[in-house]
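**Student:** Attaching a single structure in structure tokens format; questions to follow.
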Amino acid sequence: MEIKSNIPDFIKKLEKLKADVTASPDFSDAVFAALNTGMGLMKRRVFNKSEDAEGKPLGKYHGKKTRLTKKKFSINADDPLDAAVEKERKKQKRLFNKAVKANPDELYTEYEKFRIGRGRQIEKKDLELEGSLRRSIETVKKDGAKVVIAITNAEDLEKARNNEKQIGNIRAGLNANTGGAEPAKIFQLSEEEFEQVKVQGNRLVTDVIKRIAVL
């Protein structure tokens, strides 16, 4: 009677495992997924909770404040405008008038007035107006394999740096634009967010190793 053995198959699988490990398995997808989770948590913190990476509130809008008047913010269409622009101007006028009626003696900074005209909240600094900066923050593969969270638009990157600089100066009691205080830590992972990335990253990397090691 012929004795059958699975040893040859076992040896082939060991050789395959050795070759796969020697070839350095690709963990970039696992790292990408883990960092993507961290990116989502960071965006929620910055744009929804208005907090920096240390959990500190970003504060309110600063600057010289004046009253919001219907006359100052009336919409004049002296130049020919297309329908879309005219519609937007009329919308801004309605929002200004509504704000004046609701709080006739309230004082606003120029940027707060700008936000009011676009229907945005001004109760706290949220670093979001049209959503461009939020959309520019992406998880990307760099140089083929390296995975990073980056602000991919140059204009939005400059905007993010300016916000960190201004908030750092305001917290230090300096001029928002000319002060030399340490910038606020906003567009980076908090310790809690980084821990979440590590937990998911370890799990996903372990899954890759397990798939390679299946015999």
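The values are calculated or read from the model by the stated rules, or taken from the named source; none is laboratory data. Because the structure is a prediction, the values reported are computed rather than measured. In this analysis, Cβ positions are derived from the backbone assuming ideal geometry, glycine residues included, and neighbour counts consider all displayed protein chains. Surface areas here come from the heavy atoms of the whole protein model, side chains and all, with no ligands, DNA or RNA. Shrake-Rupley method; radii C 1.70, N 1.55, O 1.52, S 1.80 Å.
**Student:** Counting only Cα, what are the radius of gyration and maximum Cα-Cα distance Dmax of the stretch 142-215, in Å?
**Tutor:** 18.8, 65
**Student:** Relative contact order for the stretch 113-195: what percent, with Cα pairs under 8 Å and sequence separation of 6 or more? Write down the numbers at each step before the final one.
**Tutor:** On the way: 72 pairs, mean separation 13.4, N = 83.
Dividing the mean separation by the residue count of the stretch 113-195 yields 16 percent.
**Student:** Ok, one more. What fraction of the Cα pairs in the stretch 92-154, stated in percent, has a spacing above 15 angstrom? Numbers along the way, then the final one.
**Tutor:** Details: 1218 of 1953 pairs.
Of all Cα-Cα pairs in the stretch 92-154, 62 percent lie more than 15 Å apart.
**Student:** Right, next: What does the charge add up to near ILE137, with Lys and Arg as +1, Asp and Glu as -1, over the other residues with Cβ less than 10 Å from its Cβ?
**Tutor:** Values: positive: LYS43, ARG134, ARG135; negative: GLU138, ASP156.
Once positives and negatives cancel, what remains is +1.
**Student:** State the percentage of accessible surface on the stretch 78-215 attributable to carbon and sulfur atoms; use a 1.4 Å probe and exclude ligands, DNA and RNA. Write out the running numbers ahead of the final one.
**Tutor:** Values: 4500 of 8960 Å².
Carbon and sulfur: 50 percent of the exposed surface of the stretch 78-215.
**Student:** GluC sites (Glu not before Pro) within the stretch 92-153: which are DSSP loop residues with at most 10 other Cβ atoms inside 10 Å? Don't jump to the answer; show the numbers that get you there.
**Tutor:** Details: sites: GLU106, GLU110, GLU112, GLU123, GLU128, GLU130, GLU138; in loops: GLU106, GLU123, GLU128, GLU130.
Hits after loop and neighbour filter: GLU123, GLU130.
**Student:** Working with all protein chains in place, sort ARG120, ARG45, ARG203, ARG135 by solvent-accessible area computed with a 1.4 Å probe, largest first. Present the calculation step by step, with values, prior to reporting the outcome.
**Tutor:** Values: ARG120 85, ARG45 15, ARG203 125, ARG135 155 Å².
Sorted by accessible area, descending: ARG135, ARG203, ARG120, ARG45.
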